[in-house]
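Comments concern the structure below.
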Amino acid sequence: KMKIQKATKKDLKDIAELFLEESNKKPYNQNYTIQTAKLRVNNMFNFGSIFLAFDNKRLVGFIAIAGEGKDEIYIDEFWIKAEYQRRGMGRELLKFVQNKYKKKGVKSISVMTSRKAGAFKFYKKFKFKENKEDVILKKALK
């Protein structure tokens, strides 16, 4: 049975290691080092809350939420270890977060992902809709 708990700064190293391992894989190819991953996770703590998913005391995933205290929250990062994906753990963690923040009066939750990522289909299953107003602009610096 999966256990979910709120992360504290003592979990930073474990979260950073999971984040590093998963985010450096295709299609994401983030190129983090353990130092930059720790800095990134520390920023997640500074801008919101992180919830951890455990399977028999082993950290298997986390979701970082930003924008707390407002009508809309944002999924900053959401990672489940590859070998634990498609087992319902991401679904359980997302439902936990949705219920928790709905009780706090949050009206919506948003996330940014790539259409190429497996996460895109995952979010669509949970009735996340594409936002037609916002667009990401990108420019190559040569």
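The values are calculated or read from the model by the stated rules, or taken from the named source; none is laboratory data. None of these values were measured; they are calculated from a predicted model. All Cβ positions, even for glycine, are placed from backbone atoms using ideal geometry, and neighbour counts span all protein chains on display. Accessible surface areas use protein heavy atoms only, side chains included; no ligands, DNA or RNA. Shrake-Rupley method; radii C 1.70, N 1.55, O 1.52, S 1.80 Å.
Only residues that are open to solvent by less than 80 Å² (accessible area, probe 1.4 Å), touching a helix residue (DSSP H, G or I) at 6+ places or on another chain (Cβ under 8 Å) and at pLDDT 95 or above: list them for the range 1-18, please.
Selection gives 4, 7, 12, 15, 16, 17.
How many of the residues in the range 122-140 are closer than 19 Å to residue 91 by Cα and either small (Gly, Ala, Ser) or under 15 Å from the mean Cα position of the chain (by Cα) (or both)?
Adding up the residues that qualify gives 4.
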